[in-house]
Amino acid sequence: MQSFQLNERASTVPPVLSYDRKGWQTGYRSLKEEFDYWIDDIEGEIPPELHGTLFRNGPGMLDVHGQQIQHPFDGDGMICAIAFDHGRAHFRNRFIRTEGYVAEQAAGRILYRGVFGTQKPGGWLANVFDLRLKNIANTNILYWGGKLLALWEAAEPHRLDPATLETLGLDQLEGVLQPGEAFAAHPWIDPACNQDDGAPCLVNFSIKPGLSSTITLFEFNPEGKLLRKHAHAVPGFAFIHDFAITPSYAIFFQNPVSFNPLPFLFGKRGAGECITFNPEKPTQIVVIPRHTEPQTAKRDKLKARIFETHAGFVFHHANAFEQEGEVVIDSVCYGSLPAVEAEADFRETDFDALAPGQLWRFRINLQTQAVQQELLESRCCEFPYVHPAKAGRSHRYIFMGAAHAPEGNAPLQAIVKIDIETGERQLWSAAPQGYVSEPIFVPRSSAAFKNGLPSAELVGAEDDGWLLTLVYDAAQERSDVVILDARALDQEPVARLHLRHHVPYGLHGSFTPHYFESESTDNG
Ligand code: CO
């Protein structure tokens with residue numbers, strides 16, 4: 001087995017940085033205005049076949065009337081919608097009117113503690129035993145079953161109007177969730193579920209952490225009706241942000257962390273700051289069968305199985321698939337947890353002191369229980385993405401945000417494409433002044449979607465499509481929607497759509513071939 005050393009590259013960091021810290025920092029400013037306009041400042045041409053809506057979520061508010069939040073993960077969720085039709089694009093952004101957002105904006109000050117360390121003013125006395133969670137709805141956005149849902153992993157989704165982005169309220173998914181119940185921010189669309197005669201289904205999970213943790217798996221049909229829901233207890237405290245699926249399994253990496261709630265209870269730290277990463281401890285890989293009906297006489301086949309490996313800390317998985325008795329999963333791993341330090345300013349992050357995220361492949365042998373691992377990409381990377389037809393199936397390409405330099409830890413300034421078959425890499429870099437976000441792959445052919453959902457059938461090559469990403473341009477202090485040709489990533493973008501303002505660094509998004517646009521008032 002290959003040794004797992006992620007942390008030994010600091011000495012090879014090139015002396016000249018590809019970015020400047022001051023410029024990078026300016027991407028962490030609140031965007032308080034809400035816009036609604038046709039994008040008219042465009043370099044290149046929007047492909048006329050590109051039809052649909054790109055939704056993106058992320059913290060839009062980094063301060064509440066001047067009171068800085070402690071960590072961007074605590075920022076109120078703001079949705080951007082970029083709607084493409086006939087070579088034109090329309091931009092709209094709206095904050096999600098969560099209970100906390102509405103109350104804090106009305107009060108003009110911070111009223112809630114954040115999971116990642118934001119405290120109410122007034123020291124620990126003002127925060128002690130205030131264990132309310134502020135559902136900030138800031139992590140992902142999904143269109144499913146006729147609903148647009150803003151996701152935050154520790155509570156239920158907020159439903160929005162897909163055309164206006166108006167907040168319609170909390171959504172318990174037709175009674176599937178209890179009020180306040182968790183629903184993760186990383187759903188997968190299985191493009192052809194073998195339990196549903198090949199129809200697509202949505203697979204997501206929730207975590208109830210504790211001394212023993214519970215993982216609940218949910219599957220929904222295209223109308224949004226619950227198909228399957230089952231819960232599994234796993235030993236120990238679980239901090240799990242993402243997962244992956246295959247046709248038969250859901251796979252979770254239970255990071256080696258421990259949780260000491262006392263500083264949180266006593267009002268000194270956020271809950272997320274009470275998690276300690278133990279890099280010397282193994283990661284538990286939890287493999288849960290997706291089937292709920294007993295396929296065989298062996299009921300054990302429906303039980304969660306746990307495998308062990310050393311994976312460092314994992315936020316995101318690129319994809320998983322089954323191959324010859326193995327489950328293969330590609331994941332971005334950190335040799336250390338990007339620390340959420342009390343009282344540290346996230347804008348002063350010392351990139352060189354942190355381990356970069358790197359892409360690893362894990363092969364889990366379901367018979368022998370052996371887990372093998374192989375480094376696929378050592379360049380600092382995050383936000384992996386594959387062709388939607390390949391969800392749960394063997395993929396050739398992975399697209400990711402990446403650092404400009406091949407070594408060391410740095411902000412994401414480039415998009416990288418990895419060809420697993422040939423080992424070839426293609427890279428488009430926005431350095432030195434550009435900072436990228438998650439690249440979202442959109443297949444070129446409209447036949448890649450059936451009834452608005454990804455089809456399992458590959459139409460054209462696996463890289464025949466576009467990558468859509470928001471790029472913050474620190475030189476202009478504004479953001480661009482960049483459209484890249486995924487077949488020729490190293491060439492100039494197909495189009496750069498200059499927005500009239502910046503968009504703070506975001507988290508995740510999704511594309512739907514539905515075109516959502518209400519009458520624009522062009523207040524931009
Ligand atoms: Co995520």
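The values are calculated or read from the model by the stated rules, or taken from the named source; none is laboratory data. Since the model is a prediction, treat every value here as computed from it, not as a measurement. All Cβ positions, glycine included, derive from the backbone under ideal geometry; neighbour counts span all protein chains shown.
Take the range 190-206 and flag every residue that is more than 16 Å from the ligand (Cβ to nearest atom) and part of a strand (DSSP E or B). Steps first, please.
Our first condition is that a residue be more than 16 Å from the ligand (Cβ to nearest atom); within the range 190-206, this holds for 190-202.
D190, C201, L202, listed by residue number.
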Quiz item: Which of the residues that make up the range 459-499 are of a type in the set (S, T, N, Q) and not in a strand (DSSP E or B)?
Solution: Q476, Q491
Quiz item: Hey, does the range 214-221 have a residue that's modelled with pLDDT of 95 or more and under 21 Å from P513 (Cα atoms)?
Solution: yes
Quiz item: Applying the selection to the range 40-77, what residues are farther than 30 Å from R347 by Cα and in a loop (DSSP other than H, G, I, E, B)?
Solution: D40, E45, I46, P47, P48, E49, L50, H51
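Do we find that G224 is surrounded by fewer than 18 Cβ atoms within 10 Å (Cβ to Cβ), more than 16 Å from the ligand (Cβ to nearest atom) and in contact (Cβ under 8 Å) with a residue 12 or more places away in the chain in this structure?
In short, yes.
Take the residues in the range 234-263 that are of a type in the set (A, V, I, L, M, F, W, C) and touching a residue at least 60 places away in the same chain (Cβ under 8 Å); name whichever of them is nearest to D345 (Cα to Cα). Walk me through how you get there before you give the answer.
First pass over the range 234-263, keeping only residues of a type in the set (A, V, I, L, M, F, W, C): 234, 237-240, 243-245, 250-253, 257, 259, 262.
Still in the list and also touching a residue at least 60 places away in the same chain (Cβ under 8 Å): 234, 243-245, 251, 253, 257.
Working: V234: 35, F243: 30, A244: 32, I245: 36, I251: 34, F253: 29, V257: 23 Å.
Result: V257.
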Exercise. List the strands (runs of 3 or more DSSP E) that sit entirely inside the range 308-409 and contain at least 2 residues that are within 16 Å of the ligand (Cβ to nearest atom) and surrounded by 18 or more Cβ atoms within 10 Å (Cβ to Cβ).
Key: 313-323, 326-334, 381-385, 397-402
Quiz item: Out of (1) closer than 23 Å to P48 by Cα; (2) crowded, with 18+ Cβ neighbours inside 10 Å; (3) without any contact (Cβ under 8 Å) to a residue 60 or more places away in the chain, what's the single condition that is false for G460?
Solution: (2)
Quiz item: Of all residues in the range 173-194, how many are within 19 Å of P222 (Cβ to Cβ), surrounded by fewer than 18 Cβ atoms within 10 Å (Cβ to Cβ) and of a type outside the set (D, E, K, R)?
Solution: 3
Quiz item: If you take the residues of the range 125-145 that are within 16 Å of the ligand (Cβ to nearest atom) and in a strand (DSSP E or B), which of them is surrounded by the most Cβ atoms within 10 Å (Cβ to Cβ)?
Solution: I141
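Being in a strand (DSSP E or B), within 16 Å of the ligand (Cβ to nearest atom) and under 14 Å from the mean Cα position of the chain (by Cα), is that true of even one residue in the range 146-163? Step through it out loud before you land on a result.
Taking the range 146-163 as the starting set, the residues that turn out to be in a strand (DSSP E or B) are 147-151, 158-160.
With within 16 Å of the ligand (Cβ to nearest atom) added as a condition, the list becomes 149-151.
With under 14 Å from the mean Cα position of the chain (by Cα) added as a condition, the list becomes 150-151.
Yes, the range 146-163 contains at least one residue that is in a strand (DSSP E or B), within 16 Å of the ligand (Cβ to nearest atom) and under 14 Å from the mean Cα position of the chain (by Cα).
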Quiz item: Looking at T292, is it in contact with a helix residue (DSSP H, G or I) (Cβ under 8 Å, 6 or more places away or on another chain), away from the ligand (no atom under 16 Å from the Cβ) and polar (S, T, N, Q)?
Solution: yes
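Being of a type outside the set (A, V, I, L, M, F, W, C) and in a loop (DSSP other than H, G, I, E, B) is true for just one of H241, H232. Which residue is that?
Details: H232 fails: in a loop (DSSP other than H, G, I, E, B).
Selected residue: H241, the only one of H241, H232 that is of a type outside the set (A, V, I, L, M, F, W, C) and in a loop (DSSP other than H, G, I, E, B).
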Quiz item: Consider L168 against the criteria (1) more than 20 Å from the chain's Cα centre (by Cα); (2) assigned to a loop (DSSP other than H, G, I, E, B): it satisfies all of them except one. Which criterion is unmet?
Solution: (2)
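Between P411, P388, which is closer than 29 Å to T246 by Cα and within 17 Å of the chain's Cα centre (by Cα)?
Details: P411 fails: closer than 29 Å to T246 by Cα.
The unique qualifying residue is P388.
Look at D522 and say whether it is in a loop (DSSP other than H, G, I, E, B), touching a strand residue (DSSP E or B) at 6+ places or on another chain (Cβ under 9 Å), more than 30 Å from D20 (Cα to Cα) and at pLDDT 95 or above.
On the way: in a loop (DSSP other than H, G, I, E, B): yes; touching a strand residue (DSSP E or B) at 6+ places or on another chain (Cβ under 9 Å): yes; more than 30 Å from D20 (Cα to Cα): yes; at pLDDT 95 or above: no.
Answer is no for this residue.
Report yes if V286 is surrounded by 20 or more Cβ atoms within 10 Å (Cβ to Cβ), away from the ligand (no atom under 16 Å from the Cβ) and part of a strand (DSSP E or B), otherwise no.
Details: surrounded by 20 or more Cβ atoms within 10 Å (Cβ to Cβ): yes; away from the ligand (no atom under 16 Å from the Cβ): yes; part of a strand (DSSP E or B): yes.
Yes; evaluated as a whole, the condition is true for this residue.
Does F253 satisfy the condition of being within 16 Å of the ligand (Cβ to nearest atom), buried (at least 21 other Cβ atoms within 10 Å of the Cβ) and under 23 Å from the mean Cα position of the chain (by Cα)? Walk me through how you get there before you give the answer.
Working: within 16 Å of the ligand (Cβ to nearest atom): yes; buried (at least 21 other Cβ atoms within 10 Å of the Cβ): yes; under 23 Å from the mean Cα position of the chain (by Cα): yes.
Yes.
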